[in-house]
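Colleague: Supplied in structure tokens, the structure appears directly below.
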Amino acid sequence: MARTLENINTIFFDVGATLRYVIPDPAFARAAEDELMRLVGATEDHDTFFAKLEKNWKAFRKLAKTRLLDVSEMELWLQYLLPDGDHDKIAKNAARLTRLWRDHDGRRAAHDDVIPTLKELKRRGYKLGIIANTITETEIPDWMCEAGVADVFTTVILSSKVRLRKPDPAIYLLASRCIGSAPEECAYVGDNPVRDVDGAVNAGYGAMVLYEDAGTADREGAAPTNLPDYTITTIGDLLKLFPERG
């Protein structure tokens, strides 16, 4: 039986796949790749360079998921992605390199109902925040400003800044402490049935809402150990769950 939402005053969100999605754009992606190679002074051809980078990225991702810790952007590039590169160039451009590495997947855009739903939840009296596993420290804050929702979120917790990583309950507890709410007063909205659900439930959050994204539901390759309290198929469905606060 789903837990009641009447004591919830705070809602935290995942970002990737939950609030935004990737739009394939080969020209945009190739421009990002060319600029990345230029900034690091790559001497290999395009395919060789990115095959190496992809191999290093997968190794880092496996390590991060195992130890539930992330690193700063500079550490990511110097220690894991391009440890044999020109450290001066890489250190100077680490933040830009991370953005370009993200862009080589394609463009990112918010789902159609995200912006109005976030603003309406804020108007209804809820405190809103973000808890996201991310390698970049600037992309999400920049998107918040560009989308006009910077004033909607009170607290933004990024794994690349705090090092803790979902599903470690510690990152959820840090977020609730920063926003000034008890864990049982918080709900979490995410799309991953393993990482998002387990983390929120094990942190003692008052509710977990799973955004059912069929394209990413089984990407962790593991069976969930906890079940969500509620499931939604659009972010706008949250307005049915969280009424005006008195």
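The values are calculated or read from the model by the stated rules, or taken from the named source; none is laboratory data. Keep in mind it's a predicted model, so treat the numbers as computed, not measured. Cβ: placed from backbone, ideal geometry, glycine included. Neighbour counts: every protein chain shown.
Colleague: Run down Thr134, Thr117, Thr154 and say which single residue is polar (S, T, N, Q) and under 21 Å from Asp70 (Cα atoms).
Modeller: So the residue among Thr134, Thr117, Thr154 that is polar (S, T, N, Q) and under 21 Å from Asp70 (Cα atoms) is Thr134.
Colleague: Which one of these is in a helix (DSSP H, G or I), under 21 Å from the mean Cα position of the chain (by Cα), aliphatic (A, V, I, L, M) and buried (at least 18 other Cβ atoms within 10 Å of the Cβ): Leu36, Leu63, Leu76?
Modeller: Leu76
Colleague: Looking at the stretch 211-224, is at least one residue crowded, with 19+ Cβ neighbours inside 10 Å, at pLDDT 95 or above and not in a helix (DSSP H, G or I)?
Modeller: no
Colleague: With (1) out of contact with any Leu (no Cβ under 7 Å at 6 or more places or on another chain); (2) under 30 Å from Gly246 (Cα atoms); (3) surrounded by 12 or more Cβ atoms within 10 Å (Cβ to Cβ) as the list, and Tyr21 as the residue in question, which single condition is left unmet?
Modeller: Looking at each condition in turn, Tyr21 falls short on (2).
Colleague: Right, here's the next one. Run Asp88 past the list (1) without any contact (Cβ under 8 Å) to a residue 12 or more places away in the chain; (2) within 23 Å of Thr10 (Cα to Cα) and report the number of the one that doesn't hold.
Modeller: Checking Asp88 against (1) without any contact (Cβ under 8 Å) to a residue 12 or more places away in the chain; (2) within 23 Å of Thr10 (Cα to Cα), the one that fails is (2).
Colleague: For the stretch 102-165, please list each of the helices (runs of 4 or more DSSP H) lying entirely inside it that holds at least 1 residues being farther than 26 Å from Ala32 by Cβ.
Modeller: Answer list for the stretch 102-165: 114-123, 159-162.
Colleague: Conditions first: (1) at pLDDT 95 or above; (2) in contact with a strand residue (DSSP E or B) (Cβ under 9 Å, 6 or more places away or on another chain). Ala51 passes all but one, so which condition is the exception?
Modeller: Failed condition: (2).
Colleague: What's the number of the condition Lys166 fails, among (1) more than 29 Å from Ala95 (Cα to Cα); (2) in contact with a helix residue (DSSP H, G or I) (Cβ under 7 Å, 6 or more places away or on another chain)?
Modeller: For Lys166, the exception is condition (1).
Colleague: For the stretch 4-27, which residues satisfy the criterion of being closer than 22 Å to Tyr205 by Cβ and among the small types (Gly, Ala, Ser)?
Modeller: If the condition is that a residue be closer than 22 Å to Tyr205 by Cβ and among the small types (Gly, Ala, Ser), then Gly16, Ala17 are the ones that fit.
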